[in-house]
1. Run down Phe206, Phe158, Phe229, Phe153 and say which single residue is aromatic (Phe, Trp, Tyr) and loosely packed, with under 13 Cβ neighbours inside 10 Å.
2. Spot the failing condition for Asp262; the list is (1) assigned to a helix (DSSP H, G or I); (2) closer than 29 Å to Met49 by Cα, and only one is missed.
3. Take the residues of region 207-240 that are within 22 Å of the chain's Cα centre (by Cα) and of a type in the set (D, E, K, R): which is nearest to Lys169 (Cα to Cα)?
4. Among Asn55, Asn31, Asn83, which is within 27 Å of Lys265 (Cβ to Cβ), at pLDDT 70 or above, touching a Phe, Trp or Tyr at 6+ places or on another chain (Cβ under 8 Å) and of a type in the set (S, T, N, Q)?
5. Among Ala82, Ala56, which is out of contact with any helix residue (DSSP H, G or I) (no Cβ under 8 Å at 6 or more places or on another chain), assigned to a helix (DSSP H, G or I) and among the hydrophobic types (A, V, I, L, M, F, W, C)?
6. Can you name the residue in region 241-282 that is farther than 27 Å from Ala56 by Cα and of a type in the set (Gly, Ala, Ser) and is also modelled with the highest pLDDT among such residues?
7. Out of Asn197, Asn170, Asn192, Asn118, which single residue is among the polar types (S, T, N, Q), under 19 Å from Leu266 (Cβ atoms) and out of contact with any helix residue (DSSP H, G or I) (no Cβ under 7 Å at 6 or more places or on another chain)?
Amino acid sequence: MQNNAFKTLKGIVAEHNKKLILTFALVLAENGLFLAYPIFAGFAINAIMQGNTLNALIYALFVLIAWLVGAIRRRVDTQVFANIYAKLAVNVIMNEKQNAKDDSAIIARVALSREFVNFFETHFPMFFTSVISIIGSAFMLIFVEPKVAVACFTVMTFFLIFLPRYIKKNDDLYLRLNDRLEKEAKVIGVFNKSTLNRHYDVVSKFRIAISNREAMSYFIIGISASLLFLVAIIVLSSQRTNAGHIYSVMTYIWNFVISLDDSPKLIEEFSNLKDIGKRIDAQKKDNDAQQERS
């Protein structure tokens, strides 16, 4: 991540560390519970098939606890991040005014600054969830079905090899897209139809290019998913097993591939954030406090 973006994120963490620790502790708890979900579900399936209803009911209690933690996390999220954005927007406006930026540029950059809050509110928890689900599911499969776990780690290695090139291309696309978006207020101010058409045509082309890359990634991940399920079916068919075990294996694979599917979108968001970090100054400065007192 570029230096200015990192400094901005670091500043947000320093100023709101207690609130963010609480939020991400809830994210960690929620993900830990969902990572254990296939094991509890498999246990419940076997208990039902054996006629042991009481043991199966443990699964219902587990689901209730998991959703309760999720509900608390979502409630805390809104309160924490609405407050963070309010303070961040003020910092951006004050800093850009001191740098003698015109109002249209300031408005555009305040809108862009929202992406830093979105990073913590949406993208970081999603990234955190994806990493836990990808690595956690593969790790759990080591104990549940080792051969399938090897296949999952092979898929992970394949995508990691191509990741740097994918990120570099995304960085370039978001650089060019945000160049256009930052000029949008000026283009609207010109109020010329041909200029407006040209501007929005270019913006559309960049968005389509980004979307096409995401669609291709989705397709490639789909191929990987089908191969993983193929391996799992062959392995499970070659041995004696029970319904709960089969369900656990299939669910861990599903969690693995669904989280992989989130990765392209997350990489796009990080590329966007890096570029925004080079454009805006959202860090709190000492002279802000002096201006407030004057």
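1. So the residue among Phe206, Phe158, Phe229, Phe153 that is aromatic (Phe, Trp, Tyr) and loosely packed, with under 13 Cβ neighbours inside 10 Å is Phe158.
2. Among (1) assigned to a helix (DSSP H, G or I); (2) closer than 29 Å to Met49 by Cα, Asp262 violates only (2).
3. Arg213
4. Every option except Asn31 fails the conditions.
5. From the options Ala82, Ala56, the qualifying one is Ala82.
6. The qualifying residue modelled with the highest pLDDT is Ser259.
7. Numbers: Asn197 fails: under 19 Å from Leu266 (Cβ atoms); Asn170 fails: out of contact with any helix residue (DSSP H, G or I) (no Cβ under 7 Å at 6 or more places or on another chain); Asn192 fails: under 19 Å from Leu266 (Cβ atoms).
Only one candidate passes the filter, namely Asn118.
The values are calculated or read from the model by the stated rules, or taken from the named source; none is laboratory data. Since this is a predicted model, take the numbers as computed values, not measurements. Reconstructed Cβ throughout: ideal geometry from the backbone, glycine too, with neighbour counts over all protein chains shown.
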